[in-house]
C-alpha cells in the first residue's frame, strides 16, 4: 500500500484498501445492516479476498478505527457488439459491484468519497470507464450517480436481478447500467463541484420537454400519467417518484405502475438515441418534492 492509496478527510474519515481477512469480513456485517441482507445474499469475504488478490478494488471507509463503509469493484470488459475485434484490453473497464455505508454515516459524504477513491484507483491502473447498475426509480441514487458524480446512461436492463423478496416481491428488478467516464470533462467538473444544480423552470423555458408529468392521489403519492407527451425536442425530462421506497411499502400496485410506465419510456428514449445526462430536483408550489431525469439527444 502506498500513501497515494490512503485518503484522509477533515472529519476523521480515512479511506484505504482493506489489507487483512479480518477487515474484509467486516464488509459482510455492513451489507447485512445496510440492506437487511440475509446470509445467502451477502457477498462473502473469501470471494472478495480472492478477487482483490486478482486485481479487484476493495476500499474501506474508517472512522476512529471502525469500518463504516466500503466499495468493491472488479475488472471486466465493456460490451461492444459493433466492434469487429473483441480484444479484451481495448474494452477494459471496472464494474462497481457494491458500495455500502452504515445508516448512521449516510448523507455525510462517505459514499461520495468512496467513489472518488475508486475513481483514483481506476485511474492509477489505466482504466477510464467504471460502470454499475441501480434502480432508476430510486431518486436518491439518481441524484447521486447522475447529478453529482456525472455518470450517464443509455442502457436499460429488464428484471436484472430476477425475483426478490420483502417489499420488492412481485416488482421487476429493472436497472439502469450507468457509465462513469472518469477522465471526461463532465466527470471532472461534477466532482470538482464547479456547477450549480439544474433548475426545472429554466430548463422548461429553454425548450426542455416534460413528457410524463405526475399527479398526486388522495394519499399524497405521485401517480404516472396514462399517456406521455410525444413531440420533437433535443431535451427530454422524465419524472420519477421522489420516494419510491415509501410507495413500495404503502402501495405495491402503484409501484408496479411506475415500473411499467418508466420501463416503456426509457426503453423507447434510449432506442431513439437519447442519453440520461443529468438529474433535477424541484419543490413545486404545493410543497411536493419532485424528481426528473434530463435526457439529451445524442447527436445534438
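On the basis of being surrounded by 12 or more Cβ atoms within 10 Å (Cβ to Cβ) and either at pLDDT 95 or above or in the same structural domain as residue 263 (by TED's automatic domain parsing) (or both), does residue 154 make the cut?
It is true that residue 154 is surrounded by 12 or more Cβ atoms within 10 Å (Cβ to Cβ) and either at pLDDT 95 or above or in the same structural domain as residue 263 (by TED's automatic domain parsing) (or both).
Looking at this structure, is residue 253 surrounded by fewer than 20 Cβ atoms within 10 Å (Cβ to Cβ), at pLDDT 95 or above and more than 18 Å from residue 209 (Cβ to Cβ)?
When the stated conditions are applied, residue 253 passes them.
Quick one: which helices (runs of 4 or more DSSP H) sit completely within segment 103-203 and have at least 1 residues that are within 24 Å of residue 38 (Cα to Cα) and touching a strand residue (DSSP E or B) at 6+ places or on another chain (Cβ under 8 Å)?
Per the criteria, 110-124, 139-142.
Listed residues 270, 279; which is touching a residue at least 24 places away in the same chain (Cβ under 8 Å), more than 24 Å from residue 219 (Cβ to Cβ) and either outside the structural domain of residue 219 (by TED's automatic domain parsing) or part of a helix (DSSP H, G or I) (or both)?
Checking each option against the conditions leaves just 270.
Restricting to segment 63-98, give me the number of residues that are in contact with a strand residue (DSSP E or B) (Cβ under 7 Å, 6 or more places away or on another chain) and either crowded, with 18+ Cβ neighbours inside 10 Å or not in a helix (DSSP H, G or I) (or both).
Residues flagged as in contact with a strand residue (DSSP E or B) (Cβ under 7 Å, 6 or more places away or on another chain) and either crowded, with 18+ Cβ neighbours inside 10 Å or not in a helix (DSSP H, G or I) (or both) within segment 63-98 amount to 20.
Being modelled with pLDDT under 95 and part of a helix (DSSP H, G or I) is the filter; apply it to segment 34-61 and report the residue that is farthest from residue 117 (Cα to Cα).
Of everything passing the filter in segment 34-61, 35 is farthest from residue 117 (Cα to Cα).
The values are calculated or read from the model by the stated rules, or taken from the named source; none is laboratory data. As the structure is a prediction and not an experimental result, all values here were calculated from the model. Heads up, the Cβs are rebuilt from the backbone with ideal geometry, glycines too, and the neighbour counts pull from every protein chain shown.
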